[in-house]
Every structure is written in structure tokens, then in C-alpha cells.
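Report on one structure; see the data block that follows.
The values are calculated or read from the model by the stated rules, or taken from the named source; none is laboratory data. Quantities reported herein were computed from a predicted structural model and do not represent experimental measurements. Because the Cβ atoms are built from the backbone with ideal geometry, glycine has one as well, and the counts that use them run over all protein chains shown.
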Amino acid sequence: MNKWSWLAPLSLTMLLVGCATDSKTEESSQTDAKQETEEGADIIFESLQAPWNVEMSGDTFYITERDGKIVEGTQGDYSRTVPRLTEEVVAEGEGGLLGMALDPDFEENQLAYVYHTYEQAGELRNRVISIERKDGDWTEKSILLDGIPGSSIHNGGRIEIGPDGYLYVTAGDAAVPENAQKLSSLAGKILRMDLTGEPVEGNLEGYVYSYGHRNPQGLVFVGNQLFATEHGQSGHDEINKIEQKNYGWPLIEGTEKQQGLVTPWYEVGNRSVAPSGVTELDGKLYFGTLVGQSLRSIEEGTKQVEQVVTDRGRIRDVMTDGTSLYFLTNNTDGRGNPEKDDDVFVRFDP
């Protein structure tokens, strides 16, 4: 959690304390916001368990839960299945069953891609696999990439299929900051591969599309431009426009500058909000925040930020169907304060 790995336990403690402090600080603003946002909100599912990623095909939603399950259904009616995998999902700390992306031809081939934590030779790792849905069950079909460094913190985990048809994957530094600067390591990177798991020609090296990342947890394409959200060390969370460059961690953070390193397109300042999933609608990026306990928007032109929803606690993922926004709360992940119906999946008209 610090620039130096030997300080990680202390920094993790400080972060958890900071999470609790932010929750109390923002509590006073919840009442008015709740009355305002509930009128435009519609709960699709409730009683979810640490949900992480949501995808949509037709009227059906697919949600990963960190303990290794996939929730599937339409409004008010869902089922929960455990995919048949060759490696067991390890839901330790921030690890588990994380990102998911449906194949562009999902309606025909019923294929999806998921990112999950597992154990290899006594150490945590992450991998990207394809899974196939048949008769309501999911079964592993192929391994696209395994051996991605893992940890109880900083696993990254978001995956997105770009307009070029390639798969983009965020990998955290797995609590070893210096690996983010090593092109020989998959940690602290945004990775790019084709849908069979082959690295794309033109990557910086192997699977590496960009590097110098700490814990990127959100990806969205706006046209051909890729944006990523990223957790800072102590404040200074980022939203970056992603190109094939070095984004600086752990050499720089926040507004610091250094030759050859990218300073963020947007950073939050000294107080962390922990941005996670992100989507785009009508010229704004919408991103969920964990420590910040809100859904926020940022104008792509002016970078003006607004808090859109502040009554649901921790928000892990957000998506859009082109008209409405949908978001997942994450109050049951061990760091929140869940209410009786948490976690929930909500449709919201901004």
C-alpha cells in the first residue's frame, strides 16, 4: 500500500482507518441525498454478496460475486450459479471472482471472459479465462492468461472488450510497487490480448499495453479513447486517458511530473474516494467510489465533478444501456456497513 513494500501492513491499516473516517464524515449529507435520489431509482436485485461486475445482454443481467458465483436474471428474479472451473476461486481480501465481459457474439456463442484470483504453489495469482454458458450453467472453456501476480490487495481485475475487438485487462501491483515499472512483470499494468489469449502485435512488450499503474479498477472506451480509474496511495486517486505509455507509479503520483511519465487526466486531491467501475453517458464519465461512497460524474470537457448518488454506500460498478445508469453497491465486501437488503443492483435515471 506504500511506495515501499515493507511499509504495506502499516499502510493497509491506515487505509482501513481512513475508510471508516470517510464514511462518518459523509454520513451527515446522506439524508437529503437519499430523499432526492430514491425517486429516480429502481432496485433490480437485492441481497447480493460482494458483487463486483455487471454485464447486460438483452433484458438479462450477469453479475459476478467475489466469492466465486455468477448471478443471472431479469428484474426481481435471479438465480446464482457456481462456474465449473479448473482452478478454485480464492476470495481473499480484495481477490476473488472480479471482472467479466460478454463476447461480442454472446447471444450466439454464450461465451464470456472473467478474471479471478487463485492459488498457485502457495501464492495468490490471477488469471483470465473464457467460460461458456449452457443450460443455465457456466463451464471453463479456455485459459487466456494465467500467472498474473496476485495478493490480498491490489489485484486490479476489470476487463473490457474494445472497439478493436481486443480484450483489455487491468492488473494491480499486487502490493509490490516496483513491479509496476518492470515490463517483464504483468503487475501494475493494463494488458491487451485477442479473444484467444494471444498478445496483440504492437503492445509495448508481450501483453503490456500500458504500465506504471497501482490498482486500476475501472475501464471504459469513449469512442476509441480508453479511460481507466485508479486507486492512489493516500488520496490522489486518478482517472487516466490510456495510451501506450508509463503512468508513473511508484515514481510519481497525483500532479507530480517527471520526464517520460504521464500525469493524470484527473486526480482527486488529498482525500481518497477509491474510484472503481466507470461508464460514459451523454458526455460525462460516471464512476462508482468505495471510500467516497457515491456515484459521481465528471464532464469530459470541463472536468467538473458532481456527486450523483450518495445514499447507497460503497459503489463498485456502473454501466449504462444508453439511457439509464445501473450500479452495484459493495457494502458486504468487509469494509462497508450493509443494510438488511444489501448489496443491491439499482437502475437510476440521471
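Condition first: touching a residue at least 24 places away in the same chain (Cβ under 8 Å), part of a loop (DSSP other than H, G, I, E, B), surrounded by fewer than 19 Cβ atoms within 10 Å (Cβ to Cβ) and touching a Ser or Thr at 6+ places or on another chain (Cβ under 6 Å). Can you find one or more residues in the range 286-301 that meet it?
no
Mind counting the residues in the range 217-240 that are closer than 19 Å to residue 273 by Cα, of a type outside the set (Val, Ile, Thr) and out of contact with any helix residue (DSSP H, G or I) (no Cβ under 8 Å at 6 or more places or on another chain)?
Total meeting the criteria: 13.
Six or more apart or on different chains, Cβ atoms under 7 Å: show the pairs whose first residue is in the range 185-207 and over 22 Å from residue 141 (Cβ atoms) and whose second is among the acidic types (Asp, Glu).
Listed pairs, sorted by first residue: 187/173; 188/173.
Could you please let me know if residue 133 is farther than 21 Å from residue 168 by Cα, assigned to a strand (DSSP E or B) and free of Cβ contacts under 8 Å to residues at least 40 places away in the same chain?
The answer is yes for residue 133.
Do you know which residues across the range 260-278 are outside any strand (DSSP E or B) and crowded, with 19+ Cβ neighbours inside 10 Å?
262, 264, 268, 272, 273, 274
State all residues of the range 185-206 that are buried (at least 21 other Cβ atoms within 10 Å of the Cβ), under 15 Å from residue 164 (Cβ atoms) and not charged (D, E, K, R); if no residue qualifies, say none.
190, 191, 193
Going by the conditions given, is residue 222 surrounded by fewer than 21 Cβ atoms within 10 Å (Cβ to Cβ), touching a Ser or Thr at 6+ places or on another chain (Cβ under 9 Å) and closer than 23 Å to residue 284 by Cα?
Answer is no for this residue.
Check off (1) under 17 Å from the mean Cα position of the chain (by Cα); (2) under 30 Å from residue 179 (Cβ atoms) for residue 249 and give me the number that stays unchecked.
Failed condition: (1).
State which residue pairs qualify: first residue more than 17 Å from residue 165 (Cβ to Cβ) and inside the range 92-119, second residue outside any strand (DSSP E or B) and aromatic (Phe, Trp, Tyr) in any location, beta carbons under 8 Å apart, and separation of 6 or more residues or different chains.
Listed pairs, sorted by first residue: none to list.
For the range 96-106, check the following and say yes or no: at least one residue is part of a helix (DSSP H, G or I), at pLDDT 95 or above and surrounded by fewer than 20 Cβ atoms within 10 Å (Cβ to Cβ).
Among the residues of the range 96-106, at least one is part of a helix (DSSP H, G or I), at pLDDT 95 or above and surrounded by fewer than 20 Cβ atoms within 10 Å (Cβ to Cβ), which makes the answer yes.
The conditions are (1) polar (S, T, N, Q); (2) within 22 Å of residue 289 (Cβ to Cβ); (3) modelled with pLDDT of 95 or more, and residue 203 fails exactly one of them. Which is it?
(2)
Hey, any hits in the range 243-254 for a residue that's among the basic types (Lys, Arg) and crowded, with 22+ Cβ neighbours inside 10 Å?
Scanning the range 243-254, I find no residue that is among the basic types (Lys, Arg) and crowded, with 22+ Cβ neighbours inside 10 Å, so the answer is no.
Restricting the range 107-140 to residues that are more than 16 Å from residue 71 (Cβ to Cβ) and among the aliphatic types (A, V, I, L, M), which is surrounded by the fewest Cβ atoms within 10 Å (Cβ to Cβ)?
121
Suppose we filter the range 307-331 for residues that are closer than 17 Å to residue 274 by Cα and part of a strand (DSSP E or B); how many remain?
Total meeting the criteria: 10.
Kindly provide the set of residues from the range 141-156 that are surrounded by fewer than 22 Cβ atoms within 10 Å (Cβ to Cβ) and either among the β-branched types (Val, Ile, Thr) or within 17 Å of residue 91 (Cβ to Cβ) (or both), ordered by number.
143, 152, 153
All but one of (1) touching a residue at least 40 places away in the same chain (Cβ under 8 Å); (2) within 24 Å of residue 60 (Cβ to Cβ) hold for residue 315; which doesn't?
If we test residue 315 against (1) touching a residue at least 40 places away in the same chain (Cβ under 8 Å); (2) within 24 Å of residue 60 (Cβ to Cβ), just (1) comes out false.
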